[in-house]
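The values are calculated or read from the model by the stated rules, or taken from the named source; none is laboratory data. These numbers come from a predicted model, not from an experiment. Cβ sites come from the backbone with ideal geometry, for glycine too, and all protein chains shown count toward neighbours. The area values use the complete protein model at the heavy-atom level, side chains included, leaving out ligands, DNA and RNA. Shrake-Rupley method; radii C 1.70, N 1.55, O 1.52, S 1.80 Å.
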Amino acid sequence: MKEIIELPILQKAKLLTPTSLLSKQEIEWISVIETPVENFVKQNEFVLSTGVGCKEDPRCLEQYASDVIESGASAIGFATGRHIFTVPDPIIEECKRNNIALLEIPWEVRFGDIMQEVLQAISEEKREDQRFVEGIRQEMIDCVLNGEGLDEITSLVYKHTSIPVAISDDERVVRSNHHFNRDMIDILNEKKEGAYRAVPFTQTSYLERHYPIEKYEFRQGECYQLTILSNHKKQGYLLFERIDRPFSWSDLTILEHAVTACALFFVKENAIEMTEIRLKDNFLLDLAKKEDELGEELIEKARLLGYDLEKPYACIIGDIQFSKTIDDHIDSTDKKIASSMHSRNYYVQTEIQHAADQIDRKRMTTFDDGRVIVFLEADKDSYMETTHQFLDLVERRLHELLAGITISWGISFHGNGVGVFHESYKEASTALSFGFRQEEAGFRTFFTDTKVNRLLLSISKNSDVNDLVEATLSNLIAYDEKRQADLLHTFMVYNKYNSNVSQTARAMNLHRQSLLHRLRNIERLTGLSLLDSDDFFLLELSVRLWMLTRN
């Protein structure tokens, strides 16, 4: 109002209230309102009146002024000389009590001219505000583009609005705080006990229309929360406290720009994180699948990515399977969320990291076509124990988080485990392959336990050996397929229990005589005696070769 009273059009106006009030009164609009006032006056308005509706009725004029003051107007201007000759003292006193600017305007000064100049001043003021706020917006964007972070954004908000502000990510972790009450954040994020309630935010604004504002009341005070979104995905929250004045247009617009800058920051952070993940993935896949020499250049590249290649590592390959229901759920989630950070691999990666930290071992992890590849720091003498401990921790947590997940593991520790990543990967792949040939999903197969199978697989490539297996088992296989007698399985269990009839019968839940009948059928169909060591060896070798190559 101090700027309004200095306009040339109001040079002849007489101020009836103290000049000290002028700098406190903000003018957002000007209008001509006569009685009755009703709801035609809004907050921070400069109201002009000729008093025509209250001619020769001082009480009516006093009621009019009271209604205007009650509506939240900042100033009143009465045109004197026609319907009103002097403003009554009770109106002057009431304006003083309510800190309202009161003017007497000579009748010859046209209201249209006053409105034109005041609206021009308001418009220029808004342009100045817009230029000011636009400069802050650009400064916030530059902060993000120049590699600065959320602290700089909250600092700019507080510097230009004096509003305490804080920013948290989508996991409710506070990333920046500038004079915001920490107790309120902790209570809101359920990290500290305390009562609060959500209440409507009543101050309408452009910000509220585009970013719904949530208002919360605490014993300590009030705060507001804005959700930071990017591509319809929640990135985090901007919180700000109540201050001892109404939020201005510039306050709310600066907060809006802060939300935009935060969204840009989180998008940039995610992009950097995804780029780093891709670099690490490509590096580890090359390390596993290529026979690169472990030179200083490779060691230094690994160090830049946070890896130490000069420690001994066991290679662990996990084949991840989900039940159909779980798989469908995760696939539909992945369609909505482009970032692989929120896919099932993210959960596996997180638990692998957690398990490695629990046993205080370094680890390097990547994924390849539905399989997880882990290089786990281990010692040659205890790598099996370390691996079992590590996988127990991983599986326990994954089964709690993702019901229906099954992971089969192939494990190798080549030589002394140092600098032999490609060799360890090949061996772990072989162990996983043999595990699938012989076990149900969910197994753990160490490469050192595949010696016999590797020998048998090598033998199976000989055509004479295959002919011998075919001649030995053809009748037995045909009989099993026709009668569903399960004789091959019966023999393998019988062999497992070292030809002990009683233990085999219990293991297969068979009567002793039923088992003996099956064993006699095996002898009849193969022409071999289970009591002859050479025949027994030939039959065992043939069955194992057939099962290995069939799978």
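What number of residues within region 455-511 are among the charged types (D, E, K, R) and under 19 Å from GLN438 (Cβ atoms)? Spell out how you get there, then give the answer.
Pass one, region 455-511, residues among the charged types (D, E, K, R): 461, 464, 467, 470, 480-483, 486, 496, 506.
From what's left, under 19 Å from GLN438 (Cβ atoms): 461, 480, 486, 496.
Qualifying residue count, region 455-511: 4.
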| Tell me, which residue of region 230-251 that is open to solvent by less than 20 Å² (accessible area, probe 1.4 Å) and under 15 Å from TYR158 (Cβ atoms) is modelled with the lowest pLDDT? | PHE247
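Among the helices (runs of 4 or more DSSP H) contained in region 481-551, which hold 1 or more residues that are out of contact with any helix residue (DSSP H, G or I) (no Cβ under 7 Å at 6 or more places or on another chain), among the polar types (S, T, N, Q) and open to solvent by 90 Å² or more (accessible area, probe 1.4 Å)? Outline the logic, then answer.
Working: elements: 487-496, 501-508, 512-526, 533-550.
Per the criteria, 512-526.
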| field | Residue ID - surrounded by the most Cβ atoms within 10 Å (Cβ to Cβ), chosen from residues in region 366-404 that are closer than 17 Å to LEU432 by Cα and β-branched (Val, Ile, Thr) | value | VAL374
| task | Mind counting the residues in region 89-115 that are touching a residue at least 60 places away in the same chain (Cβ under 8 Å) and within 18 Å of ILE4 (Cβ to Cβ)? | result | 14
| region 96-129, residues that are surrounded by fewer than 14 Cβ atoms within 10 Å (Cβ to Cβ) and not in a helix (DSSP H, G or I) | PRO106, TRP107, GLU108, ARG110
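Count, please, the residues in region 146-166 that happen to be free of Cβ contacts under 8 Å to residues at least 24 places away in the same chain, surrounded by fewer than 15 Cβ atoms within 10 Å (Cβ to Cβ) and assigned to a helix (DSSP H, G or I).
First pass over region 146-166, keeping only residues free of Cβ contacts under 8 Å to residues at least 24 places away in the same chain: 146-148, 152, 155, 158-159.
Narrowing the set further to residues that are surrounded by fewer than 15 Cβ atoms within 10 Å (Cβ to Cβ) leaves 146-148, 159.
Restricting the remaining residues to those that are assigned to a helix (DSSP H, G or I) gives 159.
Of the residues in that region, 1 qualify.
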| request: Within region 435-464, work out how many residues are in contact (Cβ under 8 Å) with a residue 24 or more places away in the chain, open to solvent by 30 Å² or more (accessible area, probe 1.4 Å) and not in a helix (DSSP H, G or I). | output: 4
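So, PRO8, is that one under 26 Å from ARG127 (Cα atoms) and either of a type in the set (D, E, K, R) or in contact with a helix residue (DSSP H, G or I) (Cβ under 9 Å, 6 or more places away or on another chain) (or both) or not?
Values: under 26 Å from ARG127 (Cα atoms): yes; either of a type in the set (D, E, K, R) or in contact with a helix residue (DSSP H, G or I) (Cβ under 9 Å, 6 or more places away or on another chain) (or both): yes.
Here the answer is yes, as PRO8 does meet what is asked.
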| note | Output for Cβ contacts, cut-off 6 Å, separation at least six or different chains, first residue over 10 Å from PHE283 (Cα atoms) in region 298-311, second part of a loop (DSSP other than H, G, I, E, B) and open to solvent by less than 50 Å² (accessible area, probe 1.4 Å), reads ILE299/LEU309
